[in-house]
Amino acid sequence: MTSLRKDWDTYFMDIAFMVSTRSRCPRRHVGTVLVQGKKLLGTAYNGAPMGVQDCSEAGCMIVEEFEPAIAGSASTEMIKKQRCIRTIHAEQNLLLFTDRVDREGSVVYVTDQPCWTCANMLANSGIVEIVYYRPYSKDDGKVTSLMEQRGLLFRQLDNYVPPADTEVQDGS
Ligand SMILES: [Zn+2]
Ligand SMILES: [Zn+2]
């Protein structure tokens, strides 16, 4: 009989997805956990600062930016993209709520591939590995290159299925 016991990658990514459901931004739910050895040392999701109205109360704070239609391609075609900037990104909240000593040599599991700013901060945070599930193509090229230069393990989880009802449905 095959074991139904989850491997550690699945176990911690499942927790990251559960954590992401705490987010009150309707556009994006991101969850992340800090793991040292096999120990869970912190959790965080994207959200407005404490005591400040969040997206569900005040609406998203939308900015529009032009960016390449196809990230990393040589094409110069630009498209307008909308992004909510009300929330602190999950990875940055994780750094705000964990201690440096707990991060040294640790692994970060995150539901989404980190954006450039988060990746840059994680690269200087003491952690040695980042595991993500959903790709974020906009910053993929420069983030991957940064991780290589910094010597951090950076991998997308394959053959993984998030727990039921933990993903934002499009258009909500
Ligand atoms: Zn929002
Ligand atoms: Zn980010």
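General observations
- Mean ellipticity per residue at 222 nm, deg cm²/dmol - from DSSP H runs of n ≥ 4 across the chain, formula -39500 (n - 2.57): -7500 deg cm²/dmol
- For the chain, cysteines whose Cβ has no other cysteine Cβ within reach (under 4.7 Å): Cys115, Cys118
- Rounded, prolate or oblate (a/c below 1.5 giving rounded, otherwise prolate when a/b exceeds b/c) for the range 11-56 by Cα gyration tensor: oblate
- Of all aspartates and glutamates in the structure, those lying under 15 Å Cα to Cα from Lys81, and not within fewer than 8 positions of it along the same chain, are Glu64, Glu65, Glu67, Asp139.
- Dipole magnitude of the chain about its Cα centre (Cβ charges: Lys, Arg +1; Asp, Glu -1), debye to nearest 20: 220 debye
- Overall form of the chain per C-alpha gyration tensor (a/c, 1.5; a/b vs b/c): rounded
- Whether the range 1-96 is rounded, prolate or oblate, judged on the alpha carbon gyration tensor where a/c under 1.5 counts as rounded: oblate
- Surrounding net charge for Met50, when Lys and Arg each add one and Asp and Glu each subtract one, Cβ distance under 15 Å: +1
- Note on Glu57/Val168: beta-carbon distance plugged into 1/(1 + (r/R0)^6) with R0 of 22 Å gives a FRET efficiency of 0.80.
- Here the Karplus curve 6.51 cos²θ - 1.76 cosθ + 1.60, taken at θ = phi - 60°, turns the phi angles of the range 88-95 into couplings of 7, 4, 3, 5, 6, 4, 4, 5 Hz, with x standing for Gly and Pro.
- Of the residues Ile79, Ile15, the one with the fewest other Cβ atoms within 10 Å heads the list, and the complete ranking is Ile79, Ile15.
- Peptide packing for 134-146, 18-30 was compared via the average number of neighbouring C-beta atoms within 10 Å per residue; ordered from the highest value, the list is 18-30, 134-146.
- Computed from point charges on the beta carbon alone (+1 for Lys and Arg, -1 for Asp and Glu), the dipole magnitude for the range 1-99 about its Cα centre is near 280 Debye.
Throughout, read-outs are computed from the coordinates displayed, never taken from laboratory work. All values reported here derive from a predicted model rather than from experimental measurement. Note: ideal-geometry Cβ built from the backbone for every residue, glycine included; neighbour counts use all protein chains shown.
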